[in-house]
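Chemist: Just dropping this structure here.
Any read-out appearing in this document is the output of simple, stated calculations on the displayed coordinates, not a laboratory observation. Quick caveat, the model's predicted, so the values are computed rather than measured. Note: ideal-geometry Cβ built from the backbone for every residue, glycine included; neighbour counts use all protein chains shown.
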Protein chains: 2
Amino acid sequence: MADIYELLRSAGVQPTPQRLAVARYVLGTTSHPTADEVLAKARRECPTLSRATVYNTLTRLAEHGLVRPQTIREGVVVFDAHTERHHHFVDEATGKIYDVPWEALSVSGESSLREYDVRDYQVVMRGRRRKS
Amino acid sequence: MADIYELLRSAGVQPTPQRLAVARYVLGTTSHPTADEVLAKARRECPTLSRATVYNTLTRLAEHGLVRPQTIREGVVVFDAHTERHHHFVDEATGKIYDVPWEALSVSGESSLREYDVRDYQVVMRGRRRKS
DNA sequence: CACGGATTTAGACTACTTCTAAACCTGGAG
DNA sequence: CTCCAGGTTTAGAAGTAGTCTAAATCCGTG
């Protein structure tokens, strides 16, 4: 949340008002928004913001490691402000995506996969979130 | 590939020429095709086949457990004829998806996830396939 | 052979994403 | 101060994935 302006600058992304509005929303939520959701929220701060700018900005933030696009939900890319390794749980009833800490699961056996140079992996779980 | 006709019938899907063409292709490949790829291939056998029929048929095959839709590649659903549990490896250079046997990996720790009722899970890996 | 239900079809339509070309800053050189 | 050049933003067009609709077709039964 802190100083988004400085965060963008130090990541090498010139901080324009539009980019700040996008970054403030996407970096401040854990809800895995789609580009359109980011557009809707960021427009509250910057009403002329265009769809193209949102896509450009999200792509740029991703290139600079500030968000991570994820292919988990059907038909859309969602953006995750949580950039360290972690797993995901998808609630099939609501479509909501939850982050699962890396340490909650342990995966072994990758070493047997000689044919593949695995650069990254994650466990994707689906089911229902228990009401608590 | 055996008797697709019987396979459809016994799964409760009325085997029409269009459905046979779709099923023959999608059940006979390990390439995780998209609906459009299935359309292109199945049209060789059945040139009047329409896009809508391909979507309808793939949905029906999925409902009857003969294929499994997967959300792994950006922006598209791919269909996997391999319906038992398994993991996936995505080659980031080519976009190709490879099946990884269930036994090749072991995941532990799901039990700590009290908040979630995990009905299904898989490991999704990304990287480069080694040329062999 | 007519009927009715299931199936197929083309094309319209929606959603998501990328592209394009014009407009718009903004900051430095003259 | 003015002009220019870069980068940025914009609306809308275009491209791609998938769904929907209504008419046409097919097929088994009476």
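Chemist: Taking the stretch A:84-127 as the region of interest, what is the percent of Cα-Cα pairs per 5 angstrom bin, listed from the shortest bin to the one with the maximum distance?
Modeler: 5, 20, 23, 20, 16, 9, 5, 1
Chemist: Just want to confirm a number: the relative contact order over the stretch A:84-127, from Cα pairs under 8 angstrom separated by 6+ residues, in percent.
Modeler: Relative CO of the stretch A:84-127 lands at 52 percent.
Chemist: Relative contact order for chain A using alpha-carbon pairs under 8 Å, separation at least 6, rounded to a whole percent?
Modeler: So the answer I get is 20 percent.
Chemist: How many partner chain Cβ atoms sit within 10 Å of a residue's Cβ in peptide A:103-111, on average, as a whole number?
Modeler: Mean number of neighbouring Cβ atoms from other chains: 5.
Chemist: Net charge near residue B:77: determine it from the other residues with C-beta under 12 Å of the C-beta of residue B:77, scoring Lys and Arg +1 and Asp and Glu -1.
Modeler: Charge balance in the 12 Å sphere: -2.
Chemist: Next question, about the same structure. Give me the net charge for the shell around residue B:104: Cβ to Cβ below 14 angstrom, other residues only, Lys and Arg +1, Asp and Glu -1.
Modeler: Numbers: positive: A:114, B:85; negative: A:110, A:115, B:84, B:99, B:103.
Taking every Cβ under 14 Å from that of residue B:104, the sum is -3.
Chemist: Springs between alpha-carbon atoms under 10 Å, Gaussian network over chain A: tell me which of A:105, A:113, A:58 tops the mean-square fluctuations.
Modeler: Evaluated over chain A, the most mobile residue of the options is A:113.
Chemist: How charged is the neighbourhood of residue B:5? Take every other residue with its Cβ under 11 Å from the Cβ of residue B:5, and add Lys/Arg as +1 and Asp/Glu as -1.
Modeler: Residues near residue B:5 contribute +1 overall.
Chemist: Counting GluC sites (Glu not before Pro) as exposed when in a DSSP loop with at most 15 other beta carbons within 10 Å, what is the longest stretch of chain B free of them?
Modeler: In short, B:1-73.
Chemist: Taking every pair of distinct Cα atoms and averaging 1/r, then inverting, what Kirkwood hydrodynamic radius in Å comes out for the stretch B:4-79? Walk me through the intermediate numbers first.
Modeler: Numbers: mean 1/r = 0.0817 Å⁻¹.
After inverting the pairwise mean of 1/r, the radius is 12.2 Å.
Chemist: How long are the semi-axes of the ellipsoid equivalent to chain A, from square roots of 5 times the Cα gyration tensor eigenvalues, in whole Å, largest first?
Modeler: 29, 19, 13
Chemist: I would also like to ask the following. Select from A:99, A:120, A:91 the residue whose mean-square fluctuation is largest in a Gaussian network model of chain A (Cα-Cα springs shorter than 10 Å).
Modeler: A:120
Chemist: Shifting gears a bit: Which loop-located trypsin sites (Lys or Arg not before Pro) does the stretch B:35-131 contain, where loop means any DSSP state but H, G, I, E or B and the Cβ has at most 14 other Cβ atoms within 10 Å?
Modeler: Hits after loop and neighbour filter: B:85, B:96, B:114, B:130, B:131.
Chemist: Could you work out the helix-only [θ] at 222 nm for chain B, with each DSSP H run of four or more residues adding -39,500 (n - 2.57) and the total divided by the number of residues, to the nearest 500 deg cm²/dmol?
Modeler: -10000 deg cm²/dmol
Chemist: Within the protein assembly as shown, count lysine pairs with alpha carbon atoms under 24 angstrom apart where the residues are 8 or more positions apart or belong to different chains.
Modeler: 4
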